[in-house]
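The values are calculated or read from the model by the stated rules, or taken from the named source; none is laboratory data. All of these numbers come straight from a predicted model, not from anything done at the bench. Positions of Cβ are generated from backbone atoms using ideal geometry, with glycine treated the same way; all protein chains shown enter the neighbour counts.
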Amino acid sequence: MKTVTVVTELRAGGNEVGFNAAYPEGMDACLCSLVSDAGYKVNLIHTSPEHDGSALTDEILQETDVLIWWGHAFHHFVLDSVAERVANRVNRGMGIIFLHSAHFSKPFKKLMGTSCALSWREANEKERVWAIDPVHPIARGIPESFVIEREEMYGEPFYIPTPDELVFLGWFKGGEVMRSGCVWRRGRGKVFFFQPGHETFPTYKNGHVRRIILNAIEYIMPDEVASSLGGAHVPVPLEPLD
Ligand code: ZN
């Protein structure tokens, strides 16, 4: 059975009464049940000022085929060594999905090598998500466009390396646009960034969004994760083939 590990911030989307109403059960539980209902084994790891990500142990990483990362306010509490280990495993083949404000997480920045800054606005506004590559496997079953009634605006310029595959474009009521669904190859692994998912809105209960996340898991799922980064990076003797 393939394993998906979900990393979210503690109390993201309402683990505490009164935090907010979008996820009375917790955004973590919402994401975990989406993944487990699809037949994957799920691990859940929290980050917070008291949780520095070290719960994402080598043992858990070693069994993880795809990692999903959602973070917002606690990025800087995550140890650099954890981001390093995550990026190393991506380079060896693990798939990774960064959701929404995880664009500023340490592992995303490490894998991108750019500032990953963008413009944003919290105004409860409508977003229209366009599947600009409608035949991409991550867009399977998704209409040409769909509306998320309330989202946080994330807009360009988004300081990322040019995506290897651009699947979705977001348009906001204020007129801004955003590369909202992007794939990169890093070493043997694939990275998917998906922009919707502000914690005060029930975005991860939207049927199209759920389908996109499951499609992405399938698309970036490795057959296997290599035990090393590959390539000894040493001179090799010339051995003529004929
Ligand atoms: Zn947000």
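Per-residue answers, yes or no, for (1) modelled with pLDDT of 95 or more; (2) on the phi < 0 side of the Ramachandran plot; (3) in contact with a helix residue (DSSP H, G or I) (Cβ under 8 Å, 6 or more places away or on another chain):
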{"position": "Met27", "(1), (2), (3)": "no, yes, yes"}
{"position": "Glu63", "(1), (2), (3)": "yes, yes, no"}
{"position": "Val82", "(1), (2), (3)": "yes, yes, yes"}
{"position": "Arg85", "(1), (2), (3)": "yes, yes, yes"}
{"position": "Lys106", "(1), (2), (3)": "yes, yes, yes"}
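Within the range 49-83, if we keep just the residues that are among the small types (Gly, Ala, Ser) and crowded, with 16+ Cβ neighbours inside 10 Å, the residue that is nearest to Thr5 (Cα to Cα) turns out to be Gly53.
Of the residues Tyr159, Tyr154, which single one is touching a Leu at 6+ places or on another chain (Cβ under 8 Å), surrounded by 14 or more Cβ atoms within 10 Å (Cβ to Cβ) and either among the hydroxyl-bearing types (Ser, Thr, Tyr) or modelled with pLDDT of 95 or more (or both)? Going through Tyr159, Tyr154 in turn, just one is touching a Leu at 6+ places or on another chain (Cβ under 8 Å), surrounded by 14 or more Cβ atoms within 10 Å (Cβ to Cβ) and either among the hydroxyl-bearing types (Ser, Thr, Tyr) or modelled with pLDDT of 95 or more (or both): Tyr154.
When the residues of the range 162-193 are filtered to those that are within 16 Å of the ligand (Cβ to nearest atom) and surrounded by 19 or more Cβ atoms within 10 Å (Cβ to Cβ), the one that is farthest from Cys116 (Cα to Cα) is Phe172.
Counting the residues of the range 57-77 that are more than 16 Å from the ligand (Cβ to nearest atom), in a loop (DSSP other than H, G, I, E, B) and either touching a residue at least 24 places away in the same chain (Cβ under 8 Å) or touching a His at 6+ places or on another chain (Cβ under 6 Å) (or both) gives 2. If you go through the range 78-93 and pick out every residue that is out of contact with any strand residue (DSSP E or B) (no Cβ under 6 Å at 6 or more places or on another chain) and without any contact (Cβ under 8 Å) to a residue 60 or more places away in the chain, you end up with 8.
Going through the range 106-128 one residue at a time, which ones are under 12 Å from Gly175 (Cβ atoms) and more than 16 Å from the ligand (Cβ to nearest atom)? Selection gives Arg128 alone.
Going by the conditions given, is Phe192 outside any strand (DSSP E or B), within 23 Å of Ala87 (Cα to Cα) and either aromatic (Phe, Trp, Tyr) or modelled with pLDDT under 95 (or both)? Considered against the rule, which asks whether it is outside any strand (DSSP E or B), within 23 Å of Ala87 (Cα to Cα) and either aromatic (Phe, Trp, Tyr) or modelled with pLDDT under 95 (or both), Phe192 comes out as no.
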